[in-house]
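What follows is one structure encoded as structure tokens, with my remarks underneath.
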Amino acid sequence: MHPTTYKAKAYSAGSETSPLASTQIQRRDPTNYDVQIEILFCGICHSDLHSVRNEWSEFMATNYPIVPGHEIVGRVTRVGSAVTKYRPGDVVAVGCMVDSDRTCPQCKADREQFCPNMVLTFNSPDEHLGGITYGGYSESIVVDEHFVLRMPSNLNPAGAAPLLCAGITTFSPMRHWGVSKGKKVGVVGLGGLGHMGVKFAHAFGAHVVVFTTSPNKKDDALRLGADETVVSRNADEMKKHVGSFDFILDTVSANHDINAYINLLGVDGNLTLVGAPAEPLDVPAFSLIMGRRRLAGSAIGGIAETQEMLDFCGKHSITADVEVIPIQKVNEAYDRLLKSDVKYRFSIDMASLKSE
Ligand code: NAP
Ligand code: ZN
């Protein structure tokens, strides 16, 4: 049965070469288990840009029109009759997923991000309305309560929005691979994900080294919690760290030489990719064989782990460093994101959508 719907303002792109522009979309009225959320802030993730421009066409082709956005903080406006966790007025959050089958082994192990039937917040088949799901560049969203997170009350909502993707994507692999005191940890790329990675690695007590292509970010890296910074295009600076890392998190969005980082790992060291460049990467077998090194990947985190991350951020007062923009500046923000010209995440103030 199709639920009834209502109209919501949003920004969408109609093709891979079109800019984002004002539109109206249909949202379902909350079913029994749904929470309706007025969106206050939505972060701009580089995955939004990859998807809008169909850069992942081989793995995850984009369906148009696309309404991106999966770093959502908002206020509950309505709840379905069976909802127990939330009430109107609560400040809540939604990340990259809005549903999964909840019966598969991955769901049972709280790893919904690996469920074969996981539904992404945007660009996934919408089982309620047909068509595809629409994300957070919108005035509201309706989500099953299982996929709604509770926001700690001490966190600024504009800075907290990026925790829902950039935060959990860096928190989860660092927790999984045991980043802690006494470990030497590298973070490659000081962007949205990277700057959160630095904050978490520092909070977990590790010795943190930032690798950046932007020499002008060196001071910021130290302020954000790094112990050392390396300009990765400087071979001498790189050489000093050969064979010394326990763990390196690579957050780079574009093609680059990952072998340069594999060579910095010590014995049993781990390089985890979270950045998702469109092109395949070149990995010589010998770089991994010598030193029993591991090359791994990681995708966001499960719902329980995302709540744990938010609670950790509440306890340690961790949020993203954001530049708040009105939605009308979103296309300009995409151009700047491609030039690494943001410190360190754009967060869209969704009140700006009211004037559209
Ligand atoms: P971002 O803010 O644009 O940051 C990427 C950083 O990579 C830049 O700030 C820059 O840092 C560095 N970089 C950019 N181009 C480079 C190049 N040609 N060579 C070397 N370094 C370069 O992007 P983001 O939002 O953090 O996302 C990063 C990547 O993670 C994207 O591919 C995104 O799709 C992916 N992602 C994955 C997941 C997951 O679950 N695995 C989740 C979210 C996002 P410097 O200026 O410091 O060099
Ligand atoms: Zn993201």
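The values are calculated or read from the model by the stated rules, or taken from the named source; none is laboratory data. What you see is a predicted model; the values in this text were computed from it and never measured. Backbone-built Cβ (ideal geometry, glycine too); neighbour counts: all protein chains shown.
Observations on the model:
- A residue that is within 16 Å of ligand 2 (Cβ to nearest atom) and either under 21 Å from the mean Cα position of the chain (by Cα) or buried (at least 16 other Cβ atoms within 10 Å of the Cβ) (or both) occurs somewhere in segment 278-291.
- Of the numbered criteria (1) more than 25 Å from residue 168 (Cβ to Cβ); (2) among the small types (Gly, Ala, Ser); (3) in contact (Cβ under 8 Å) with a residue 12 or more places away in the chain, the one residue 235 fails is (3).
- For segment 93-104, a residue qualifies if it is surrounded by fewer than 20 Cβ atoms within 10 Å (Cβ to Cβ) and either within 16 Å of ligand 2 (Cβ to nearest atom) or not polar (S, T, N, Q) (or both), and the qualifying residues are 101, 102, 104.
- Helices (runs of 4 or more DSSP H) contained in segment 244-325 and holding at least 3 residues at pLDDT below 95, more than 10 Å from ligand 1 (Cβ to nearest atom) and more than 20 Å from residue 49 (Cβ to Cβ): 285-289
A quick yes/no check of all residues on (1) of a type outside the set (Val, Ile, Thr); (2) closer than 18 Å to residue 177 by Cβ; (3) surrounded by 13 or more Cβ atoms within 10 Å (Cβ to Cβ):
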| residue | (1), (2), (3) |
| --- | --- |
| 236 | yes, no, no |
| 242 | no, no, no |
| 246 | yes, yes, yes |
| 253 | yes, no, yes |
| 256 | yes, no, yes |
| 268 | yes, yes, no |
| 315 | yes, no, no |
| 318 | no, no, yes |
| 321 | yes, no, yes |
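- Within segment 335-356, residues that are under 21 Å from residue 18 (Cα atoms) and of a type in the set (Lys, Arg) have Cβ atoms under 7 Å from residues that are outside any helix (DSSP H, G or I) and at pLDDT 95 or above in these pairs: 336/342, counting only partners at least 6 apart in sequence or on another chain.
- Residue 36 vs. criteria of a type outside the set (Ser, Thr, Tyr), without any contact (Cβ under 8 Å) to a residue 24 or more places away in the chain and in a strand (DSSP E or B): no
- Within segment 1-36, being surrounded by 12 or more Cβ atoms within 10 Å (Cβ to Cβ) and charged (D, E, K, R) holds for 9, 16, 27, 28, 29, 34.
- Selection count, segment 17-65, where residues are of a type in the set (D, E, K, R), farther than 28 Å from residue 324 by Cβ and within 16 Å of ligand 1 (Cβ to nearest atom): 1
- Every residue from segment 65-92 that is part of a loop (DSSP other than H, G, I, E, B) and either within 16 Å of ligand 2 (Cβ to nearest atom) or under 19 Å from the mean Cα position of the chain (by Cα) (or both): 67, 68, 69, 70, 71
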